[in-house]
Amino acid sequence: MPTDAHPGPLRVLVLGASLRAGSSNARLASLVGRMLTDAGAVVDLAAMRDFDMPLYDGDVEAAHGLPEGALALRDRLERCDAFVLASPEYNASVPGVVKNAIDWVSRVRPQPFKTKHALLVSASPSLVGGNRGLWALRVPLEHLGTRVYPDMFSLAAAHQGFTEDGELTDSALQERLSETVLAFLRLVEADARYVCLQRRWYEFPGDRTEAPVTQRAED
């Protein structure tokens with residue numbers, strides 16, 4: 001019988017999705033991780049280079065199964081209540097390494113992205129930030145059943161965006177990011193602690209989670 005009890009603090013995986021050393025997205029991931037920790041969550045801070053995996057190939061999967069990097073990322077996802085993805089924007093879209101990781105991990109059964117809450121953030125040297133990449137990133141995650149938080153955060157001119165202690169140079173942006181992170185955590189808390197609520201995430205009016213197309217993607 002479900003109850004409203006949730007053991008311990010909320011657990012959040014914060015993943016810096018760039019492979020580059022010194023990435024602005026790694027710095028943004030660290031900042032979000034500190035904000036979550038200050039709010040009482042247990043943070044698992046990770047980097048994409050922690051999860052080495054080849055380009056997805058169905059023949060490789062059939063012959064060797066899933067790579068260790070994909071299984072390790074699956075394990076980290078399963079141990080969390082939610083995840084934050086700090087992803088760069090490549091050519092107005094999703095970096096190949098991020099999409100490849102999603103494709104590999106989505107092959108695990110049960111599929112670990114389903115019903116996980118996610119917050120998407122980005123840091124980019126561009127004057128328009130990484131919003132285009134974040135919008136593209138929503139598509140595969142929502143297709144897999146992830147509850148992607150409606151508000152996203154993108155830091156423009158990121159090469160000038162951080163102080164020496166890792167805060168944002170723009171105090172208004174720092175406040176907005178903090179408000180976004182806290183609002184996201186409150187939503188995760190409501191879902192994790194009050195399981196008597198019917199858990200449904202409708203993208204369009206009339207959608208049903210048991211609909212065949214949705215079920216094929218999520219299961």
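The values are calculated or read from the model by the stated rules, or taken from the named source; none is laboratory data. If you're wondering where the values come from, they're calculated on a predicted model, not measured in any experiment. All Cβ positions, even for glycine, are placed from backbone atoms using ideal geometry, and neighbour counts span all protein chains on display. Keep in mind that these areas ignore ligands, DNA and RNA; they rest on the heavy atoms of the full protein, side chains included. Shrake-Rupley method; radii C 1.70, N 1.55, O 1.52, S 1.80 Å.
Residue selection: GLY8 fails the criterion of being closer than 21 Å to LEU177 by Cβ and either within 14 Å of the chain's Cα centre (by Cα) or not in a helix (DSSP H, G or I) (or both). Among residues of segment 164-183 being of a type in the set (D, E, K, R) and surrounded by fewer than 14 Cβ atoms within 10 Å (Cβ to Cβ), the one that is nearest to LEU119 (Cα to Cα) is GLU179. Here LEU28 clears all of (1) open to solvent by less than 40 Å² (accessible area, probe 1.4 Å); (2) in contact with a helix residue (DSSP H, G or I) (Cβ under 6 Å, 6 or more places away or on another chain); (3) not small (Gly, Ala, Ser) except the condition numbered (2).
A count restricted to segment 17-40 and to residues that are in a loop (DSSP other than H, G, I, E, B) and small (Gly, Ala, Ser) stands at 7. Would you check if there is a residue in segment 31-40 being at pLDDT 95 or above, within 22 Å of ALA157 (Cβ to Cβ), β-branched (Val, Ile, Thr) and open to solvent by less than 20 Å² (accessible area, probe 1.4 Å)? Yes, there is a match, as at least one residue in segment 31-40 is at pLDDT 95 or above, within 22 Å of ALA157 (Cβ to Cβ), β-branched (Val, Ile, Thr) and open to solvent by less than 20 Å² (accessible area, probe 1.4 Å). Looking only at segment 78-93, which residues are hydrophobic (A, V, I, L, M, F, W, C) and at pLDDT 95 or above? Across segment 78-93, the qualifying residues are CYS80, ALA82, PHE83, VAL84, LEU85, ALA86. Of the residues making up segment 122-158, just one is in a helix (DSSP H, G or I), open to solvent by less than 10 Å² (accessible area, probe 1.4 Å) and farther than 14 Å from ASN25 by Cβ, namely LEU141. Restricting attention to segment 67-112, the residues being buried (at least 19 other Cβ atoms within 10 Å of the Cβ), assigned to a loop (DSSP other than H, G, I, E, B) and touching a residue at least 40 places away in the same chain (Cβ under 8 Å) number 7.
Evaluate the following for GLY161: is it surrounded by 18 or more Cβ atoms within 10 Å (Cβ to Cβ), out of contact with any Pro (no Cβ under 6 Å at 6 or more places or on another chain) and touching a residue at least 40 places away in the same chain (Cβ under 8 Å)? Write out each step before concluding.
On the way: surrounded by 18 or more Cβ atoms within 10 Å (Cβ to Cβ): yes; out of contact with any Pro (no Cβ under 6 Å at 6 or more places or on another chain): yes; touching a residue at least 40 places away in the same chain (Cβ under 8 Å): yes.
Yes, satisfied.
Within the set of pairs 6 or more residues apart or between chains, which connect a residue that is under 14 Å from ASP38 (Cβ atoms) inside segment 171-195 to a residue that is among the β-branched types (Val, Ile, Thr) and assigned to a helix (DSSP H, G or I) with Cβ atoms less than 6 Å apart? Hits for this filter: VAL181/VAL32.
For segment 41-66, name all the residues that are open to solvent by 80 Å² or more (accessible area, probe 1.4 Å), in a helix (DSSP H, G or I) and of a type in the set (D, E, K, R).
Filtering segment 41-66 for residues open to solvent by 80 Å² or more (accessible area, probe 1.4 Å) gives 45, 49-50, 52, 55-56, 59, 62, 64.
So of that shortlist, the ones also in a helix (DSSP H, G or I) come out as 49-50, 59, 62, 64.
Residues satisfying the conditions are ARG49, ASP50, ASP59.
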